[in-house]
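Only one structure is covered here, and it is reproduced in the block below.
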Amino acid sequence: MKFKTKFHLTLVILITIANSLFGIPTISNIESASALDIKNQAVYNKNISNIYNNINIKYISIRLYNININNNINSNTTKLRKTLSFKEKVEILMYSIKQVESSGRYKAKSKWSSACGAYQYMPITWNNYKGFKTACLAPEWAQDARMRGEVRYLWKKYGDWEKVIAAHYMPAYAGNKKLWYHSAGGLSVREYVQRVNTRMNSIVIGLATS
């Protein structure tokens, strides 16, 4: 077994043990929590707010690395992406959008609008999710949960990953690729989709080779 695989599996096992010993909340409990729950410290511990998302990425990294090495794919992005499960694609897409929107900063605020948070949600779109007035006031897990739900919903609606990306940026034009010349924030819808796709490819290669 490769050192990378051993290290990541050991990390996941240790986290699982810590979960059972110290009562770290499950992801379902975390994502169903409200602002009031957090204030009451019912199911949320700020020190492990994003731990499950990190575990997801670790598992994906282990799988892609082993697939890449054992099948001699030689970092072929198309082949690697085809090996991903739906849940893994959702996680990588979320991570890619987060990097394009805010470089992964959960407290990020737009200079040009009222959008904020890692995924740059407008207050009207954020819609007081989990009881938090804006995205940047919400903890990491809440922002991730909101985005995860959005991606899953949009996939059911469009069945097209590019349209899912476009819908996060400019939902009014997502369903018609002929209208992707429309722009917001300096980027057209098509340019935004291409930017996220490029980031996804680099992340897949990175997870599979490092």
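The values are calculated or read from the model by the stated rules, or taken from the named source; none is laboratory data. Quick caveat: nothing in here was measured; it's all calculated off a predicted structure. Note that each Cβ is placed from the backbone with ideal geometry, even for glycine, and that neighbours are counted across all protein chains shown. Heads up: the accessible areas ignore ligands, DNA and RNA and are worked out on the full protein's heavy atoms, side chains in. Shrake-Rupley method; radii C 1.70, N 1.55, O 1.52, S 1.80 Å.
Less than 13 Å Cβ to Cβ from Gly175, Lys/Arg counted +1 and Asp/Glu -1: what total charge do the surrounding residues give?
Net of charged neighbours comes to +2.
Probe of 1.4 angstrom, ligands and nucleic acids ignored: what's the accessible area per residue over segment 121-207, in square angstrom?
On the way: 4370 Å² over 87 residues.
Ligands and nucleic acids excluded, the result is 50 Å² per residue.
At a probe size of 1.4 Å, how large is the accessible area of Arg146, to the nearest 10 Å²?
Ignoring ligands and nucleic acids, Arg146 comes out at about 40 Å².
Which ³J(HN,Hα) values, rounded to whole Hz and listed in residue order, are derived for segment 118-126 from phi using the Karplus coefficients 6.51, -1.76 and 1.60 in 6.51 cos²θ - 1.76 cosθ + 1.60 with θ = phi - 60°, glycine and proline given as x?
4, 9, 6, 7, 6, x, 5, 7, 4
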